[in-house]
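Chemist: Here it is, the structure in full.
The values are calculated or read from the model by the stated rules, or taken from the named source; none is laboratory data. Just so you know, these numbers come straight off a predicted model, no measurement behind them. For neighbour counting, all protein chains shown are included, and Cβ atoms are generated from backbone atoms with ideal geometry for every residue, glycine included. The area values use the complete protein model at the heavy-atom level, side chains included, leaving out ligands, DNA and RNA. Shrake-Rupley method; radii C 1.70, N 1.55, O 1.52, S 1.80 Å.
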Amino acid sequence: MDIPMFGLFMYALSLLTMIGIYGVLTLALNLQWGFAGLFNAGIAGFFAVGAYVTGILTAPESSNHLGGFGWPPLAALPVAMLISGIIAWPIGRICLGLKGDYLAMASIGIAEIIRLVFKNETWLANGTMGISTVPRPFESLGQPWGNIAFLALVAALVLVLYLAAERAWTSPWGRAMRSIRDNELAAAAIGKDVVRFRLEAFVIGAMVMGLGGALSAMYFKFIGASATEPLLTTFLVWVMLIIGGSGNNRGALLGAALVWLIWSGTELFTNRLPAEWITRSSYLRALLIGVLLIVVLQRFAKGVLPERPPKRID
């Protein structure tokens, strides 16, 4: 394989891997928003928990941050999910009594607190320098086989999450969740435990967001403050879900693919701008994504693949 073709092949692997990681995040958000109507604007916080926990557990021993236990990368994934869920439980108990915009504001604030703790407590995660020695699974295979194997891992996880989400959507649990989303008072009147169902959706979704953070830390072999910016880990995920179709798991994955393809394409465009505009490139890309969102919602008010009533499976 000559150099140009090899470079294109590696770029395609990178593109597909990032689509898969964002697919994990959009499925998680769809569980919270599409299933239960929970306006969680704090995705970045749970993403950060999963990513930093993975870095602390898997990185080699270091005096710059907590841990450095040298765990096998794959062993860290369930632990990152577990700790994300443990942190989400008290947050959910406190915040889920809030509705709509108030829940969004509370979740943004809590996410920023989590991010700033990791950013400012240098003993915990090396402050703004972050953890730059996060190992990636299958690295020993070399290029491109290690990258292909990691893509296969991400794809397998996305498939498992998708099938589980589809089963949940058609199950009695999913029907109860949608009834609470659509009419909380009516659901409570027929005996549904609204608080428990909403908390379950919030915690499970946060665990999957932690998985997305863990995969991202492994892929980039780094986790720091710049990697958990809300623009990349909250704004983009919401745009992906809205464009793809809230309440539709296929729509969530389609939105992840479409928006990341456009986001990557705009990077090629902004890199050709004059030097004085390069520093504004991230904002220009966000503007282009915002324009795309407006155009799509004018044509498809409920997303490209809107929610469909499921077939009943008991």
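Chemist: Condition first: at pLDDT 90 or above, within 21 Å of residue 234 (Cα to Cα) and either assigned to a helix (DSSP H, G or I) or of a type outside the set (Gly, Ala, Ser) (or both). Can you find one or more residues in the stretch 126-140 that meet it?
Modeler: Among the residues of the stretch 126-140, not one is at pLDDT 90 or above, within 21 Å of residue 234 (Cα to Cα) and either assigned to a helix (DSSP H, G or I) or of a type outside the set (Gly, Ala, Ser) (or both), which makes the answer no.
Chemist: What do you reckon, is residue 181 on the phi < 0 side of the Ramachandran plot and either open to solvent by less than 20 Å² (accessible area, probe 1.4 Å) or in contact (Cβ under 8 Å) with a residue 40 or more places away in the chain (or both)?
Modeler: Yes, satisfied.
Chemist: Going by the structure shown, is residue 87 within 30 Å of residue 149 (Cα to Cα), modelled with pLDDT of 95 or more and either touching a helix residue (DSSP H, G or I) at 6+ places or on another chain (Cβ under 8 Å) or surrounded by 24 or more Cβ atoms within 10 Å (Cβ to Cβ) (or both)?
Modeler: Against the criterion (within 30 Å of residue 149 (Cα to Cα), modelled with pLDDT of 95 or more and either touching a helix residue (DSSP H, G or I) at 6+ places or on another chain (Cβ under 8 Å) or surrounded by 24 or more Cβ atoms within 10 Å (Cβ to Cβ) (or both)), residue 87 does not qualify.
Chemist: Among the residues of the stretch 26-45, is any among the β-branched types (Val, Ile, Thr) and more than 19 Å from residue 126 (Cα to Cα)?
Modeler: Yes.
Chemist: Among the residues of the stretch 237-263, write down those that are surrounded by fewer than 22 Cβ atoms within 10 Å (Cβ to Cβ), over 16 Å from residue 32 (Cα atoms) and not small (Gly, Ala, Ser).
Modeler: 254, 258, 260, 261, 262, 263
Chemist: So if I check each of 170, 122, 133, which one is open to solvent by less than 50 Å² (accessible area, probe 1.4 Å), of a type in the set (Val, Ile, Thr) and on the phi < 0 side of the Ramachandran plot?
Modeler: Selected residue: 170, the only one of 170, 122, 133 that is open to solvent by less than 50 Å² (accessible area, probe 1.4 Å), of a type in the set (Val, Ile, Thr) and on the phi < 0 side of the Ramachandran plot.
Chemist: Name the single residue that is nearest to residue 234 (Cα to Cα) among those in the stretch 96-112 being open to solvent by 60 Å² or more (accessible area, probe 1.4 Å) and of a type in the set (A, V, I, L, M, F, W, C).
Modeler: This residue is 108.
Chemist: Now for a different question. Going residue by residue through the stretch 140-151, is there one that turns out to be on the phi > 0 side of the Ramachandran plot and over 19 Å from the mean Cα position of the chain (by Cα)?
Modeler: yes
Chemist: Among the candidates 115, 93, single out the residue that is touching a residue at least 24 places away in the same chain (Cβ under 8 Å), open to solvent by 70 Å² or more (accessible area, probe 1.4 Å) and of a type outside the set (A, V, I, L, M, F, W, C).
Modeler: 93
Chemist: Still on this structure, I have one more. Quick one: is residue 205 in contact with a helix residue (DSSP H, G or I) (Cβ under 7 Å, 6 or more places away or on another chain), in a helix (DSSP H, G or I) and surrounded by 18 or more Cβ atoms within 10 Å (Cβ to Cβ)?
Modeler: Yes, satisfied.
Chemist: Scan (1) among the aliphatic types (A, V, I, L, M); (2) open to solvent by 10 Å² or more (accessible area, probe 1.4 Å); (3) closer than 13 Å to residue 223 by Cβ for the single condition residue 49 breaks and write down its number.
Modeler: With (1) among the aliphatic types (A, V, I, L, M); (2) open to solvent by 10 Å² or more (accessible area, probe 1.4 Å); (3) closer than 13 Å to residue 223 by Cβ applied to residue 49, the lone miss is (2).
Chemist: A follow-up question, please. For the stretch 190-212, which positions are in contact with a Ser or Thr (Cβ under 7 Å, 6 or more places away or on another chain), under 19 Å from residue 134 (Cα atoms) and small (Gly, Ala, Ser)?
Modeler: 210
Chemist: Output the helices (runs of 4 or more DSSP H) that fall wholly within the stretch 217-314 and possess 3 or more residues being at pLDDT 80 or above and out of contact with any Gly (no Cβ under 7 Å at 6 or more places or on another chain), or say none.
Modeler: Helices (runs of 4 or more DSSP H) meeting the threshold: 236-244, 249-270, 281-299.
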